[in-house]
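The values are calculated or read from the model by the stated rules, or taken from the named source; none is laboratory data. This is a predicted model, so every value here is computed, not measured. Reconstructed Cβ throughout: ideal geometry from the backbone, glycine too, with neighbour counts over all protein chains shown. Just the protein is used for accessible areas: all its heavy atoms, side chains included, with ligands, DNA and RNA removed. Shrake-Rupley method; radii C 1.70, N 1.55, O 1.52, S 1.80 Å.
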Amino acid sequence: MKKLTLFAALLVSISLLASAATRSKKSEISRNLDIFNALYKELQTFYVDSIDAEKSINTAIEAMLNDIDPYTEYFSASDQDKFRAMTTGEYGGIGSVIQQNEKGVIVVEPYKDSPANRAGLRPGDIFLQIDGDTVVGWTSDQVSSKLKGQSGTNLRLVMKRPWVEDSILTFDVKRGKIQMPSVPYFGMIKPGVGYISLTGFSEKSYPEVREGVEQLIKDGAKSLILDLRGNGGGLVDGAVDILGLFLPKGTTVLTTRGKGVLEEKVYRTSTNPIDTKIPLAVLVDGGTASSSEIVTGALQDLDRAVIIGTRSFGKGLVQSTRELPYDGLLKVTIAKYYIPSGRLIQAIDYSHRNPDGSVARIPDSLTNVFKTAGGREVRDGGGITPDIKIEYPEINRMTYNVVRDNWAFDFATKYASEHDSVPTPETFEVTDEIYEQFKDFIDPAKFNYDKVCESAVEQLRQIAKAEGYMNDSTSAQFDILASMLKHDLRHDLDLNRKNLTPYIAREILNRYYFNRGEIIYSLRDDEAVDSAVAVLTSPRFNEILGKK
């Protein structure tokens, strides 16, 4: 017993020493707080104009936290709803995605069966008044704050609806308890192959994924695709619970390490698995981060799934919350996490900044090799590298301009105002007729070309003139080149039909089938999904994982 006590005391001493080595001295903290306090008092007393105390202090807090890492955040009492929505997936409101553009704040998508949907709001509707207050000129954050509130309370909205006569409409909406789904869609995409789209990790994620897996297996799934593309993460416990669906109970999937020697925590699966043998493929991209990388990395390290896509984001930091005075909340990075092979997948070391304050990804040359359970080589320091890499084509400028300026969104809004229904997402096509309507919809005078080629020709013309090369012959040649590179909108739209069609189709389907319709349509021509199906239905799955 005495030895045990001495050993515990030694560990505590080591922890305190290690912790002290990483913290600023108390005298330095006290001195700098005194300086800040005195400086602020002098400003309040002598500065020529009045100073907004809350705004200036919040600015100081944000500047300090931004110098640490982008994940350490302060939430004032008024921001608590935003934080709770992030962690629970719930909030009180009307249930709609909104967005600010040149027209004002608009409805992008009312969630299916939400108060907004039941009241009759549609994508493209523009907010004019909320409960008698004019919101023209407001930001989307201001409108969002006004829309949120206690479930069961009423709102009166005055909206402008594009493409409809007498388009100033009034809606009485009763706020509800909005549950943002973590799994917007699951279903069978090929005989024997089930698919689950998981968009975040909240308190509801585990039961939603479990329900999806159980139903798909009941429907005949012999293998599963878990789509984590664009999944920015969330609760760590949710990730561990979801891993427990596919791994034996008690499997170590994660270790977090904080400042002190004693601040290490080991996470093991604690739920009974559904199936520890069913072949899995996980889809990832650059938006796959945090908790979704814990799931991806653990399944890769334990040779449980084939990872397909592009390299994930690379967030290996863990946050926790600390309560502050006056109902404030600090979300602070407390640890780094290590997946089963022992690797840390954090891509950026925020403690080492460049002289200008910027930070850079850890170069591949400085990463280290680790081994999976079966002996495959994997690396740390830059996200999860897929077992099968998918090279997605870059979005060209025409497509970027169409999407950026909401041409596809606005066209779909107009189309939906003129058509009561469209075919199902499984069969819908952007026909020649629909595409011609889309081309006619775009006003050449309002379409924002980048005009890179035209600008380059004009710049070269000026250089030639300045250097004495310009004469009648040269000028004529420049005129010919300029005419060849001048944009023809309808011609350019025809050339880019293949690139633009998916955006048009998804926007139209969203008007009738919500986000679920968009996902189903996207799966019809998805290289990563096709690759996953091919791997899951062939011996290559076991070959990649090194299994016989």
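Results, tabulated for the structure shown:
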item	result
Part-to-part distance (alpha-carbon centres) for segment 179-201 and segment 88-112, which is given in Å	22 Å
Summed side-chain charge close to G95 - residues other than G95 whose Cβ falls under 13 Å, Lys, Arg +1, Asp, Glu -1	+3
Greater than 30 Å apart at Cα, pairs in K55/K204; K112/K218; K336/K548; K336/K371	K55/K204; K336/K548
Accessible surface of I362 - all protein chains present, 1.4 Å probe, nearest 10 Å²	50 Å²
The chain: relative contact order as a whole-number percent, Cα under 8 Å and 6+ apart	11 percent
Exceeding the 24 Å Cα-Cα cut-off - candidates K446/K486; K190/K249; K414/K486; K414/K446	K190/K249; K414/K486
Approximate shape of segment 285-427 as ellipsoid semi-axes (Cα gyration tensor, √5λ), whole Å, largest first	36, 24, 18
Between segment 451-480 and segment 243-310, the Cα center-to-center distance that results, in Å	59 Å
Protein-only accessible surface order, largest first, of M64, M159, M188 at 1.4 Å	M64, M188, M159
Proximal aspartates and glutamates relative to K331, as straight alpha-carbon distance under 13 Å, when same-chain residues fewer than 8 apart are discounted	E62, D69, E73, D79, E323
Convex hull volume per residue in cubic angstrom - Cα atoms of segment 412-548	201 Å³
Neighbourhood charge, 15 Å Cβ-Cβ cut-off, centred on Y326 and excluding it, Lys, Arg +1 and Asp, Glu -1	-3
Segment 406-446 - Debye-derived log10 I(q)/I(0), Cα point model, q = 0.22, 0.28 Å⁻¹	-0.80, -1.15
For D285, net neighbour charge (Lys/Arg +1, Asp/Glu -1) across residues whose Cβ lies under 15 Å away	-3
Accessible area of the chain belonging to carbon and sulfur atoms, whole % at 1.4 Å probe	53 percent
For segment 378-435 versus segment 316-344, the gap between their alpha-carbon centres in whole angstrom	35 Å
Beta bridge orientation in the chain: antiparallel %, DSSP, nearest 5	75 percent
Cα-derived Rg over Rh, computed across segment 242-321 with Rh taken as Kirkwood radius	0.99
Evaluated at q = 0.14, 0.19, 0.23, 0.26 Å⁻¹: base-10 log I(q)/I(0), Debye formula over Cα of segment 181-246	-0.36, -0.65, -0.93, -1.13
About the Cα centre, charge dipole magnitude for the chain (Lys/Arg +1, Asp/Glu -1 at Cβ), debye	2500 debye
Loop-located GluC sites (Glu not before Pro) in segment 345-419 whose Cβ has at most 14 other Cβ within 10 Å (DSSP)	E391, E394
Partners for K25 among aspartates and glutamates (Cα-Cα distance below 18 Å; same-chain residues under 8 apart left out)	D34
Interchain or long-range residues, amide H under 5 Å from L317's placed H	Y337
Percentage, to the nearest whole number, of Cα pairs in segment 457-497 over 11 Å apart	67 percent
Distance (nanometres) between label positions extended 7 Å along Cα→Cβ at D327 and D113	3.2 nm
Cα Rg over Rh - the chain, Kirkwood	1.01
Cβ crowding within 10 Å averaged over residues, with 199-210, 462-473, 341-352 ranked highest first	199-210, 341-352, 462-473
Highest-first arrangement of 93-100, 140-147, where packing means the average Cβ count within 10 Å	93-100, 140-147
Radius of gyration and maximum dimension Dmax of segment 149-284, Cα, Å	20.7, 69
Heavy-atom accessible area per residue - the chain, 1.4 Å, Å²	55 Å²
Potential extension, E165-V266 segment - 0.36 nm per residue separation minus Cα distance	30.2 nm
Simple Cβ-charge dipole of segment 135-199, Lys/Arg +1 and Asp/Glu -1, about Cα centre, in debye nearest 20	220 debye
